[in-house]
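The values are calculated or read from the model by the stated rules, or taken from the named source; none is laboratory data. Since we're looking at a predicted model, the values are computed, not measured. As a convention, Cβ positions derive from the backbone with ideal geometry for all residues, glycine included, and neighbour counts pool all protein chains shown. Side chains included, ligands, DNA and RNA excluded: accessible areas come from the protein's heavy atoms. Shrake-Rupley method; radii C 1.70, N 1.55, O 1.52, S 1.80 Å.
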Amino acid sequence: MENESYEQKTQNQPSAAGQKRARNDATGNKVTVVLGAQWGDEGKGKVVDLLATEADIICRCQGGNNAGHTVVVDGKEYDFHLLPSGIINTKGISLIGNGVVIHLPGLFEEGDKNEKKGLKGWEKRLIVSDRAHLGRHISFR
């Protein structure tokens, strides 16, 4: 057993879902990235929402609440500025990463507003990085 390679040791290790999966399984560990190359309405939110139906984890890695994504699901229109638009997926975990500037009042207002439209349990599916930036409102007089 000492001379086993890493691949041999980990070949039948349980996956995150608790199922055994071969390391060379073509349907195994995949990462899909949606990256915008412009500063405009590129439809990233809609693409993320579509891809999130098959994702375990949906991440937002950078930015702030100055822009937004509108996603329509089952005739309901949800608006996202800080929450990853994939949070609609009740089977996935959404993550706000360390490159995001979080305006806390705005985050909770966004959650409440979308909850009234039918987004339930979002706070249980959200993880916020302890290294995300906390923004605050600054007023110049």
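Below is a table of values for the structure above.
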| quantity | calculated |
| --- | --- |
| Counted residues, the stretch 74-100 - those being surrounded by 14 or more Cβ atoms within 10 Å (Cβ to Cβ), out of contact with any Phe, Trp or Tyr (no Cβ under 9 Å at 6 or more places or on another chain) and part of a loop (DSSP other than H, G, I, E, B) | 5 |
| Per-region count, the stretch 53-73, residues modelled with pLDDT of 85 or more, in contact with a Gly (Cβ under 8 Å, 6 or more places away or on another chain) and outside any strand (DSSP E or B) | 2 |
| Number of the exception - residue 34 against (1) in contact (Cβ under 8 Å) with a residue 24 or more places away in the chain; (2) hydrophobic (A, V, I, L, M, F, W, C); (3) in contact with a helix residue (DSSP H, G or I) (Cβ under 6 Å, 6 or more places away or on another chain) | (1) |
| Considering residues of the stretch 126-136 that are open to solvent by 50 Å² or more (accessible area, probe 1.4 Å) and in a strand (DSSP E or B) only, the residue farthest from residue 57 (Cα to Cα) | 134 |
| Among (1) over 17 Å from the mean Cα position of the chain (by Cα); (2) closer than 17 Å to residue 67 by Cβ; (3) assigned to a loop (DSSP other than H, G, I, E, B), the one test that residue 118 misses | (2) |
| Complete set of residues in the stretch 72-87 that are over 18 Å from residue 33 (Cα atoms) and among the aliphatic types (A, V, I, L, M) | 72, 73 |
| Pairs, first open to solvent by 20 Å² or more (accessible area, probe 1.4 Å) in the stretch 101-125, second small (Gly, Ala, Ser) and part of a loop (DSSP other than H, G, I, E, B), C-beta under 8 Å, six or more apart | 101/64; 101/132; 101/135; 103/64; 103/135; 125/92 |
